[in-house]
Amino acid sequence: MSPPTILQEVFGYDRFRGAQAEIIDHVVAGGDALVLMPTGGGKSLCYQIPAIARQRAGRGITVVVSPLIALMHDQVGALHEAGVEAAFLNSTLSGEAANAVERRLLRGEITLLYAAPERVTTPRFLAQLDSLHERGQLALFAIDEAHCVSQWGHDFRPEYRALVVLHERYAGVPRIALTATADAVTREDIVQHLQLQDARQFVSSFDRPNIRYAIVEKKDPTQQLMRFIDDQHAGEAGIVYCQTRKRVEEVAQQLCQEGMDALPYHAGLDPDMRQRHQDRFLREDGIVMVATIAFGMGIDKPDVRFVAHLDLPKNIEGYYQETGRGGRDGLPADAWMAYGLQDVVNQRRMIDEGEAPEEFKQVLRGKLEALLALAEATDCRRVRLLAYFGEESQPCGNCDNCLHPPRVWDGTDAARKLLSTVYRVQQQSGISFGAGHIMDIVRGRATDKVAQFNHQKLSTFGLGADLSEAQLRSVLRQLVATGAVAVDAEAFNTLRLTEGSRAVLRGERPVLLRESVSQGGGRRSKSRGDKAVPVVAAGLTGAAQQRFAALKAWRAEVAREHNLPAYVIFHDATLASIAALAPQSLRELEGVSGIGAKKLEAYGDEVLRVISA
Ligand code: ADP
Ligand code: ZN
C-alpha cells in the first residue's frame with residue numbers, strides 16, 4: 001500500500017500535513033531522517049506510516065523508542081483502534097505480560113513495538129533484535145523525543161546515549177529521530193550522539209498558527225484566571241502552570257470551589273495519586289490540570305484548549321514547550337499568561353541566588369531577558385517568538401497585540417522621575433528604599449514615612465502627581481525587566497540603580513508601555529450570561545449541537561469500556577464534522593476526516609444510530 005492510501009484507509013485523513021509526505025517517502029525507501037517539527041505538527045505519522053508500509057512489504061517490525069512510558073498504553077491503544085498491530089514493553093508490564101509481547105514480536109505479529117530506552121539496550125532485548133535482524137525482519141527504528149540525548153535540554157536522559165548501539169549493530173536498518181526542540185545546539189547533539197551524520201534533516205516551521213498568545217498584567221491572578229476560563233473555556237480541558245507546589249494546590253482548590261474540575265499535578269504528590277490525576281486528565285473531558293512549571297511531560301493530549309501561566313516560565317524555550325501543549329489537534333487554542341513585577345523579581349532572584357557559576361548565570365539572565373521582552377512587547381508576540389527560534393515572519397493577526405493593538409504611552413519621563421528619586425533618597429538618607437515608598441514620593445503623597453525621612457523636601461517630590469500607582473508600577477516593572485533598576489533581595493527588596501539606569505536617565509532609552517485597560521484577548525463577542533460555546537462546536541446549528549453532545553456521550557462510554565482516552569476513539573473535530581453532516585449511511589460517514597476503514601467497521605452503525613436518535 002502506498003503512503004497516501006495508508007493515510008486514507010488506516011487513519012482516515014485526506015492529505016499529508018507540511019513535510020509529512022516527503023519524510024515518509026524518504027523513510028519508506030530506507031533513508032535515515034532527523035525530523036524537527038513543533039508539537040502537534042504530526043510527527044507520529046512520520047514513522048507510523050513507514051512502519052506499516054515496510055511491514056506490508058515484508059520487512060518486519062518497527063521499534064519505537066520513547067521515554068514517555070505513561071503514554072505508551074494509549075498510543076498503542078490508538079493504533080489498535082485504527083486496526084494496526086502494536087504493543088509496548090516497559091516497566092509497567094508484569095514479567096508474564098512482557099514475555100507474551102516478546103513471543104508475539106519473534107513470531108512477527110507486531111507492526112510497531114513501543115519500548116523505553118533502558119529496555120531497548122538490554123542484552124536480552126538486543127538478542128531478540130539480532131534474531132529478527134538475521135531473518136530480515138527489522139524494518140525501522142524510530143527514536144521519539146530525540147532531544148533527550150542532549151544534556152543541554154531539560155529532558156536529558158543518559159540512557160538515550162546508549163541508543164547509538166542500534167546504528168552500530170544494525171547498520172542497514174533505517175532510523176528516524178524526531179523532536180520538537182528547535183535549537184541548533186540540540187540538533188547538533190542529536191546528530192553526534194546518535195550518529196545521524198548521514199540522515200536527511202527535515203526542519204519545519206515552528207509556528208503554531210492555531211495558538212493565540214496573550215499576556216496580561218497580573219493583578220489578582222486567580223480571579224483573572226477564573227474569568228478567562230469562564231469567558232472563553234468553560235468546560236474545556238486546559239493546563240494551568242504555577243511556580244510552586246503550594247500555589248498549585250491553592251489554585252486547584254480555588255478552581256474546584258468555583259465548580260470546575262481541577263486537579264493538582266506536581267512532583268510532591270504521591271505517585272499513585274499523580275498517576276490517577278494524569279489518567280483522569282487524559283480520559284475525561286474538560287479537566288483542568290494545575291501543574292508546576294517545567295513538570296509533566298506526560299500531561300499531553302490533542303484537545304487541550306488552553307494553557308495558562310500564572311507565573312513566569314524560566315525562558316522562551318520553556319514557554320514555547322508548555323504553551324505548545326495546547327491545540328495539538330489543530331483547532332484553536334489559547335496561550336494565556338498573567339505577568340507582573342513580582343515575577344520579574346522572583347526569577348532574577350532565583351538566578352542570582354542559584355549555585356551555578358557566574359558565566360552560566362549570565363546565559364540564564366540573557367534567556368530571562370528575552371522572555372521579559374516578549375512579555376513587555378506591544379507588537380506581535382508571534383513575530384518575536386519565531387524570531388527567537390531564528391524564523392522571520394509577519395504580524396500574525398492571532399495574538400493579543402495584533403487583535404487589540406494596545407494603546408501605548410510613553411513612560412520615559414515617568415521612568416526618569418522614578419530613577420532620579422531612587423538616586424536622591426540614597427544621596428539624602430544614605431540608605432535605599434522599596435518600590436512603594438519611591439512611588440509615594442513621586443506621586444507626592446504625604447505618608448508617615450515621607451515625613452519621617454523628610455522626603456517631601458526632595459526635588460522630585462510630587463513631580464508625578466498626575467500618574468496613577470498602576471502606571472508607575474508598570475513603568476517600574478519594565479525597568480526591572482530590562483535591568484534598568486535592580487531589586488535588592490538581601491536588603492528588603494529595596495531599589496538600586498544599575499549600569500542600565502544611565503541610558504534611561506539620559507533619555508536615551510525610551511520606555512514604552514501598554515495602557516492597562518482590559519484583560520485583553522476576548523475571543524467571542526457574546527452577551528452577558530451566555531455560556532461559552534466550545535470552540536469545536538462553534539460553527540454548529542442548534543440541532544447539530546445536540547448531535548455533537550449525544551456523540552460525545554456515546555464516545556465517553558466506548559472510551560470507558562476500552563480503557564482509553566476519548567480522543568483515541570474519535571477526535572472532537574471528527575465528532576463535530578459528523579454532527580454537522582448528519583450522515584444517513586455508512587457511505588456518507590466514510591468521507592469524514594478521522595474515520596479510517598477499521599473505525600468505520602467498528603463504530604459506523606452505532607454512530608448512525610446515535611445520530612438518528
Ligand atoms: P506531534 O507528535 O508532532 O506533537 P501528533 O503526531 O500527535 O503530533 O499529531 C497531532 C495530531 O494531528 C494528532 O491528533 C494526529 O492525529 C493529527 N494529524 C497528524 N497528521 C495529520 C494529517 N495529515 N491530517 C489530519 N490530522 C493529522
Ligand atoms: Zn500577532
Checklist outcome for this item: Site E590, offset 7 angstrom along Cα→Cβ, radius 20 Å on amide nitrogen, limited to the stretch 68-88, gives 82-84
Checklist entry - Carbon-plus-sulfur fraction of the accessible area of the chain, 1.4 Å probe, in percent? => result 49 percent
Next on the checklist: Using only the alpha-carbon atoms of the stretch 376-445 as identical scatterers, what base-10 log of I(q)/I(0) does the Debye formula give at q = 0.13, 0.20 Å⁻¹?
Outcome noted: -0.61, -0.79
Next on the checklist: Charges on Cβ only, +1 for Lys and Arg, -1 for Asp and Glu, centred on the Cα centroid of the stretch 111-198; of G136, T121, I190, which one is farthest towards the dipole's positive end?
Outcome noted: G136
Item to check | chymotrypsin sites (Phe, Trp or Tyr not before Pro) restricted to DSSP loop in the stretch 127-178 with at most 16 other C-beta within 10 Å | outcome: W152, F156
Next on the checklist: Per q in 0.11, 0.13, 0.22 Å⁻¹, report the Debye log10 I(q)/I(0) for the stretch 390-529, using one uniform scatterer on each alpha carbon and no solvent.
Outcome noted: -0.49, -0.64, -1.34
Next on the checklist: Starting from 0.36 nm per residue, how many nanometres of slack lie between A597 and A373 once their C-alpha separation is accounted for?
Outcome noted: 75.7 nm
Checklist outcome for this item: The set of residues whose placed amide H lies less than 5 Å from the amide H of T494, leaving out same-chain residues fewer than 5 positions away, is D488
Checklist entry - To the nearest 0.05, what FRET efficiency results for V165 and S131 with a Förster distance of 22 Å applied to their C-beta separation? => result 0.85
Checklist outcome for this item: Per its Cα gyration tensor (rounded if a/c is under 1.5, else prolate when a/b beats b/c, else oblate), the stretch 226-270 is best filed as prolate
Checklist outcome for this item: Any trypsin sites (Lys or Arg not before Pro) in the stretch 87-157 that lie in a DSSP loop and have at most 15 other Cβ atoms within 10 Å would be R107, R135
Item to check | Phi to ³J(HN,Hα) by Karplus 6.51 cos²θ - 1.76 cosθ + 1.60 over the stretch 301-310, Hz, x for Gly, Pro | outcome: 8, x, 9, 6, 8, 8, 10, 10, 9, 8
Checklist outcome for this item: Taking only the Cα positions of the chain, the convex hull volume per residue in Å³ is 170 Å³
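Accessible area per residue for the stretch 164-227 in Å², computed with a 1.4 Å probe and the full protein assembly in place, what is it?
Numbers: 2690 Å² over 64 residues.
I get 42 Å² per residue for this part.
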Checklist entry - Whats the longest run of the chain with zero GluC sites (Glu not before Pro) that are DSSP loop and have at most 16 other Cβ atoms within 10 Å? => result 110-257
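How would the stretch 199-311 be classified by its alpha-carbon gyration tensor: rounded, prolate or oblate, with rounded meaning a/c under 1.5 and the a/b versus b/c comparison settling the rest?
oblate
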Item to check | Within the chain: Cβ-based charge dipole about Cα centre, in debye rounded to nearest 20 (Lys, Arg +1; Asp, Glu -1) | outcome: 980 debye
Checklist entry - Where only protein heavy atoms count, and the probe is 1.4 Å, what is the accessible area per residue for the stretch 58-119 in Å²? => result 35 Å²
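Once you sort the root eigenvalues of the Cα gyration tensor of the stretch 293-397 as a ≥ b ≥ c, which label holds: rounded (a/c under 1.5), prolate (a/b larger than b/c) or oblate (the other case)?
Prolate, since a/c reaches 1.5 and a/b exceeds b/c.
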Checklist entry - Can you give the helix-only mean residue ellipticity at 222 nm for the chain, where every DSSP H stretch with n ≥ 4 adds -39500 (n - 2.57) and the sum goes over all residues, rounded to the nearest 500 deg cm²/dmol? => result -14000 deg cm²/dmol
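Give, as a single signed number, the net charge of other residues whose beta carbon lies under 11 Å from the beta carbon of T244, with Lys and Arg counted +1 and Asp and Glu -1.
Summing Lys and Arg as +1 and Asp and Glu as -1 gives 0.
The values are calculated or read from the model by the stated rules, or taken from the named source; none is laboratory data. Only a predicted model underlies this, so the values are computations on that prediction, with no experimental measurement involved. When we count neighbours, we look across all protein chains shown, and the Cβ atoms used for this are built from the backbone with ideal geometry, even at glycine. Protein only, heavy atoms only, side chains kept; ligands, DNA and RNA dropped before computing areas. Shrake-Rupley method; radii C 1.70, N 1.55, O 1.52, S 1.80 Å.
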